[in-house]
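Each remark here refers to the structure printed beneath this line.
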Amino acid sequence: MAETRLGVDDLIAPLFVREGIDAPVPIVSLPGVMQHSRASLRQEVAELRAMGINAVILFGIPAHKDAEGSQAWAADGIVQMALRDLRDDVGDDVVLMADLCLDEYTSHGHCGVLDDHGQPDNDATIELYGQVAVAQAEAGASIVAPSGMMDGQVLAIREALDEEGFHDVAIMAYAAKFASALYGPFRDAVDVTIEGGGDRKGYQQDYRNAREALEEIRFDLAEGADMVMVKPALAYLDIISRARAEVDVPLAAYHVSGEYAMIKAAAERGWIDGDAVALEQLTAIKRAGADLILTYLARDLAAAL
Ligand code: PBG
């Protein structure tokens, strides 16, 4: 009689790959998640695939960061190298997605390049996003996922991809992405600290606003997004549900690092049954209307399901 069924093929595993390491490095605030070396990433994707997870999204940690974040679009940037490795290994059997942003690559930690006042320069940034998209597509990404929340980013990326003949590369837009305190462990995972104690409230959404989030989703679809995302997930089930009622494209939700860490930390103390809570939370996200869930629990759940 169950209305909602969570399946392994609903899940997308976010994976971190770090340049210049020989062995995986555990991320303390994300127990069970690693910064992978190129070799250990290949191993991880092979294992996930054997467990039925057929989509992954890559995040890179470069050896060198600079003001522009140039390793994000370098042909030999870490994510581009990893995409090539994985494409060789898995062919078309696993959907390879690449997170498309500059924050992991910039020395100041913002999602874009800065203007003379130290503020993210929207229009200069989306030009660079176009270059990143092309580099990721050339390296074998089938889906690019812009997460920087710059205005006009989806259109700039679509145009850049089309110009280079990558008409088939799809865009999953982080459309309704809130300025959330739940991204803390992720910033440990990618070694990002925003310069001067800054935040992303200038470009990410205000969590007091739901209608504005829907407007962001409409803009991204009008610009050519093939699928849209709501992020984080659990505290935003109302947004997921409203988005589901309004749009007919695939809807993704990101169960983010802080959501994962809370489950793991409480379970470690024996205060909750972590596996049961994980299943309950992800099922609720699907019940609210998400078709796809990006989650660090992908591996655990694949084993459980
Ligand atoms: C930005 C990006 C972030 C996350 C995914 N892409 C961090 C941020 O916006 O600060 C967070 C994901 C998570 O917390 O799991 N490139």
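Where in the chain is the longest stretch that carries no trypsin sites (Lys or Arg not before Pro) classed as loop by DSSP and with at most 14 other Cβ atoms within 10 Å? Display every interim value, and only then the final one.
Values: sites that count: 5, 201, 208, 269.
By the stated rule (loop sites, at most 14 other Cβ atoms within 10 Å), 6-200.
Order 293, 21, most accessible first, counting only protein heavy atoms with a 1.4 angstrom probe. Show your work: numbers first, answer last.
On the way: 293 0, 21 35 Å².
Largest accessible area first, the list is 21, 293.
Which whole-number percent is the relative contact order of the range 8-227 (Cα, under 8 Å, 6+ apart)?
Numbers: 414 pairs, mean separation 39.6, N = 220.
Rounded, it is 18 percent for the range 8-227.
Could you state the accessible area per residue of the chain in Å², with a 1.4 Å probe and every protein chain left in place?
Details: 13030 Å² over 305 residues.
With the other protein chains kept in place, the chain gives 43 Å² per residue.
Could you give the alpha-carbon Rg of the range 1-91 over 2.2 N^0.38 Å, rounded to two decimals? The partial results should precede the final answer.
Values: Rg = 15.0 Å, N = 91, 2.2 N^0.38 = 12.2 Å.
So the range 1-91 has a normalised radius of gyration of 1.23.
How many percent of the accessible area of the range 31-101 is carbon or sulfur, using a 1.4 Å probe? Walk me through the numbers on the way to the answer.
Working: 1340 of 2710 Å².
The value for the range 31-101 is 50 percent carbon and sulfur by accessible area.
Given H placed 1.01 Å from N in the peptide plane, which residues other than close sequence neighbours of residue 205 have an amide H under 5 Å from its amide H?
Amide H to amide H, under 5 Å and 5 or more residues apart or across chains, residue 205 pairs with 177, 178, 179.
Give me, ordered by chain and number, the residues 5 or more places off residue 166 or on other chains with an amide H under 5 Å from its own placed amide H.
none
With 20 Å bins from zero, work out the P(r) of the chain over every alpha carbon pair and list the percent per bin.
The calculated distribution, bin by bin, is 35, 61, 3.
The values are calculated or read from the model by the stated rules, or taken from the named source; none is laboratory data. In this text the structure is predicted, and so the values were computed from the model without any measurement. Cβ: placed from backbone, ideal geometry, glycine included. Neighbour counts: every protein chain shown. The area values use the complete protein model at the heavy-atom level, side chains included, leaving out ligands, DNA and RNA. Shrake-Rupley method; radii C 1.70, N 1.55, O 1.52, S 1.80 Å.
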